[in-house]
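Here the structure is laid out as structure tokens; the discussion comes afterwards.
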Amino acid sequence: MFTNNTEVMAAALGPGPMVPAVFRVQRTKKETSDTFTMELLPEEGPQEFAFAPGQFNMLYAFGVGEVPISISGDPARRSVVVHTTRDVGPVTSALRRLKPGEGLGIRGPYGTGWPAAEARGADVVIAAGGIGLAPLRPVLYQILAARQHYGKVVLLYGTRTPADILFRRELEQWRSRFDLEVCVTVDRAVGSWAGMVGVVTKLIPRAPFDPHSTIAMICGPEVMMRFTVQELEGRGVATENIYVSLERNMKCAVSFCGHCQFGPAFVCKDGPVFRYDRIQPLMAVREV
Amino acid sequence: METLESILMEHPFFAGMKPEHLALVAGCAANVRFNAGEFIIREGGVANEFYLVRHGKVAIEIHVPQSGPVTIQTLGPGEILGWSWLITPYKWRFDGRAQELTRAVVLDGKCLREKLEKDHDLGYEFLKRFAQIVTERLESTRLQLLNVYEQH
Ligand SMILES: Cc1cc2nc3c(=O)[nH]c(=O)nc-3n(C[C@H](O)[C@H](O)[C@H](O)COP(=O)(O)OP(=O)(O)OC[C@H]3O[C@@H](n4cnc5c(N)ncnc54)[C@H](O)[C@@H]3O)c2cc1C
């Protein structure tokens, strides 16, 4: 039930699925007060790292622990692995402290990708909340690289305050394009913010797309995704054309351990990107 | 030529309203424009009108002593500014400020209140439409309170 043709199950790097390859930090960029983007290079020298937008890696902070983090870089730039991470606990905090030249382990890429191929010929709505823009950025790069194959492309992005906005400079560049509609909104603003204020779901009723020929891709906390889906359905987008990334926590990432089991599905193997109509009954269940 | 009635008819707020009702409403309407930075409504002021935003952007602000105005919502084309004209004591609860050049249709609340009292069919049409807007705003506020961008 949970396999779909958007899945790209790339071969794991390294000798076995549980053995990480060592990468070194090339540079780290501070995005917000608690979120940072790392560019990583393989220790063994230049190597191509192919992934499908939406996939994640298991990042191992040596001696601390391992966490799943989505890949946030450009899929066409294969020489470097890029991750954008929010510091929320021991492992993500250890990753944040890594200096250029220091190492970490990577297993991956794992999981399913966004349906960029299925969306060809249709309008595309990308809706992100908070850190959820990071797992969506690669698919936006991919779509923009083949822009002529898509209809209207709309990026809707919501954060708590203007200080929480990720990838600011890129958002400004994207906003200046004539072939991309970018709407950024925040929950509340003080001072010089002259942009929109209100939740991201409010952007949907007036966003320029044809609901009957649209593929929507959503990433953010589950509450945000649920309400975004409701608004999209309200405009007439069918649930089989809506995709969400479920980031329930996991351990092994190769469906051995069952830690991320979501009903009959494993987020690590069948997700994180799911077609909404397939996951909807489970999202409605409060505890799975 | 664009008449006030045709402008009202095209605004989402009046979608589906009967022509005879629209004609009554148009009698209380006028075109207005506000420059960037200009206040459209002020907290505490008498609320005797409401606005249909046609172009531009309006910020709903609350003034917080010491930290200045906090924007809690912005309104764009197709949206409505103000329902305090419909509810006693007819006083604005927030500031509304044009963030850029904004064009709108202003509806005279006093004139409308009289018409709605006389014609309850029209009154019900208005209440249905405002109930929808109030519900949407309440839902947005709940989501803002929930802080939906944080993992819980
Ligand atoms: C497929 C997938 C992709 C992810 N991609 C990213 C990404 O690109 N960037 C990023 O910053 N994070 C991402 N995450 C979340 C990230 O894995 C967790 O934040 C991380 O595991 C926290 O580890 P920690 O040791 O730092 O903190 P912990 O002590 O493990 O957790 C700190 C707090 O965060 C909560 N938490 C941990 N993981 C999750 C989760 N998955 N969902 C909700 N709450 C959680 C915990 O309950 C706890 O309250 C992803 C998760 C998954 C499953």
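The values are calculated or read from the model by the stated rules, or taken from the named source; none is laboratory data. Not measured: the values here are computed from a predicted model. Every residue, glycine among them, receives a Cβ derived from its backbone with ideal geometry; neighbour counts consider all protein chains shown. Side chains are part of the model used for accessible areas, which takes the heavy atoms of the whole protein and leaves out ligands, DNA and RNA. Shrake-Rupley method; radii C 1.70, N 1.55, O 1.52, S 1.80 Å.
Restrict the search to region B:29-117; then list the GluC sites (Glu not before Pro) that DSSP places in a loop and that have at most 16 other Cβ atoms within 10 Å of their Cβ. Display every interim value, and only then the final one.
Values: sites: B:Glu38, B:Glu43, B:Glu49, B:Glu61, B:Glu79, B:Glu100, B:Glu114, B:Glu117; in loops: B:Glu38, B:Glu43, B:Glu79, B:Glu100.
Of the GluC sites (Glu not before Pro), the ones in loops of region B:29-117 whose Cβ has at most 16 other Cβ atoms within 10 Å are B:Glu38, B:Glu43, B:Glu100.
With each run of n ≥ 4 DSSP H residues scored as -39500 (n - 2.57), what mean residue ellipticity at 222 nm is computed for the protein assembly as shown after dividing by its residue count and rounding to the nearest 500 deg cm²/dmol? Don't jump to the answer; show the numbers that get you there.
Numbers: 10 runs with 108 residues, N = 440.
That calculation yields -7500 deg cm²/dmol at 222 nm.
When ligands, DNA and RNA are left out and all protein chains stay put, how many square angstrom of accessible area per residue does region A:26-183 have with a 1.4 Å probe? If you can, show how the numbers build up before the last one.
On the way: 6290 Å² over 158 residues.
Ligands and nucleic acids excluded, the result is 40 Å² per residue.
Taking all pairs of different Cα atoms in region B:33-108, averaging 1/r and flipping that mean, what Kirkwood radius in angstroms comes out?
Numbers: mean 1/r = 0.0813 Å⁻¹.
After inverting the mean inverse Cα-Cα distance, the result is 12.3 Å.
If you take every DSSP beta bridge whose two residues both sit in the protein assembly as shown, what share of them, in percent to the nearest 5, is antiparallel?
Details: 63 of 86 bridges.
Restricted to the protein assembly as shown, the bridges split so that about 75 percent are antiparallel.
Could you check the simple spin-label distance between B:Ser67 and A:Arg27, using points 7 Å along Cα→Cβ, in nm with one decimal?
3.4
For the protein assembly as shown, with equal point scatterers placed on the C-alpha atoms only and solvent neglected, what are the log10 I(q)/I(0) values from the Debye formula at q = 0.06, 0.08 1/Å, to two decimals?
-0.31, -0.52
Which whole-number percentage describes the relative contact order of region A:5-110, with Cα contacts under 8 Å and a sequence gap of 6 or more?
Numbers: 214 pairs, mean separation 40.7, N = 106.
Reported relative contact order: 38 percent.
Can you run phi through the Karplus equation (6.51, -1.76, 1.60; θ = phi - 60°) for region A:201-208 and list ³J(HN,Hα) in whole Hz, with x for Gly and Pro?
For region A:201-208, the Karplus curve yields 4, 5, 7, 5, x, 10, 5, x Hz.
Quick one: ranking A:His212, B:His55 by accessible area, 1.4 Å probe, largest first, what do you get? Write down the numbers at each step before the final one.
Working: A:His212 145, B:His55 95 Å².
Correct descending sequence by accessible area is A:His212, B:His55.
Compute for chains B and A the buried accessible surface, both sides summed, probe 1.4 Å, and express it in Å² to the nearest 100.
2100
Placing +1 at every Lys and Arg Cβ and -1 at every Asp and Glu Cβ, with all other atoms neutral, what dipole size does region A:5-110 have around its Cα centre, in debye to the nearest 20? Please report the intermediate quantities before stating the final value.
Details: 11 positive and 11 negative charges, 58 e Å.
The dipole of region A:5-110 has a size of about 280 debye.
Summarise the accessible area of region B:4-151 (1.4 Å probe, protein heavy atoms) by the percent that is carbon and sulfur. If you can, show how the numbers build up before the last one.
On the way: 4160 of 7590 Å².
Heavy-atom surface of region B:4-151 belonging to carbon and sulfur, 1.4 Å probe: 55 percent.
With the calculation restricted to Cα positions, what are the radius of gyration and Dmax of region A:5-110 in angstrom?
Taking only Cα atoms of region A:5-110, I get Rg and Dmax of 12.8, 39 Å.
Quick check: at a probe of 1.4 Å, how many percent of the accessible area of chain A sits on carbon and sulfur atoms?
Working: 6200 of 11970 Å².
Roughly 52 percent, rounded to a whole number.
Say each of B:Ser6 and A:Gln230 gets a label point 7 Å from the Cα, pointing the same way as Cα to Cβ; how far apart are those two points in nm?
3.9
Using 0.36 nm per residue of separation minus the Cα-Cα distance, give me the extension gain between A:Arg206 and A:Val88 in nm, one decimal.
39.0 nm
Considering only DSSP states other than H, G, I, E and B, which trypsin sites (Lys or Arg not before Pro) in region A:168-254 qualify as loop sites with at most 14 other Cβ atoms within 10 Å? Mind dumping the intermediate values first?
On the way: sites: A:Arg168, A:Arg169, A:Arg175, A:Arg177, A:Arg188, A:Lys202, A:Arg206, A:Arg226, A:Arg235, A:Arg248, A:Lys251; in loops: A:Arg177, A:Arg188, A:Arg248, A:Lys251.
Here the sparse-neighbourhood loop sites are A:Arg177.
Quick one: how many Å² of B:Cys111 are accessible to a 1.4 Å probe, rounded to 10?
30
What order do A:Lys269, B:Lys118 take when sorted by accessible area (1.4 Å probe), most exposed first? Show your work: numbers first, answer last.
Numbers: A:Lys269 75, B:Lys118 175 Å².
My answer, sorted largest first, is B:Lys118, A:Lys269.
Using only Cα atoms, find the angle between the long axis of helix A:133-145 and the longest principal axis of chain A, and express it within 0 to 90 degrees, rounded to the nearest 10.
The answer is roughly 70 degrees.
Taking 0.36 nm per residue of separation and subtracting the Cα-Cα distance, what length does fully extending A:Glu43 through A:Val190 add? Kindly include the intermediate steps, with their values, before the conclusion.
Details: separation 147, 0.36 × 147 = 52.92 nm, distance 4.48 nm.
Result for the pair: 48.4 nm of gain on full extension.
From the Cα gyration tensor of region A:123-245, with a ≥ b ≥ c the square roots of its eigenvalues, which class applies: rounded if a/c is under 1.5, or else prolate if a/b is larger than b/c, or else oblate?
On the way: a/c = 1.62, a/b = 1.20, b/c = 1.35.
Oblate shape, in that a/c is at least 1.5 and b/c is the bigger or equal ratio.
With a/c under 1.5 counting as rounded, go ahead and sort region B:1-51 into rounded, prolate or oblate using the C-alpha gyration tensor (a ≥ b ≥ c being the square roots of the eigenvalues; past the cut-off, prolate if a/b is larger than b/c, else oblate). Please list the in-between numbers first.
Details: a/c = 2.52, a/b = 1.79, b/c = 1.41.
The shape class here is prolate.
State the extension gain, in nm to one decimal, for the chain segment bounded by A:Glu222 and A:Arg77, taking 0.36 nm per residue of separation less the distance between their alpha-carbons. List each step's numbers first, then the result.
Working: separation 145, 0.36 × 145 = 52.20 nm, distance 3.00 nm.
Length gained, A:Glu222 through A:Arg77: 49.2 nm.
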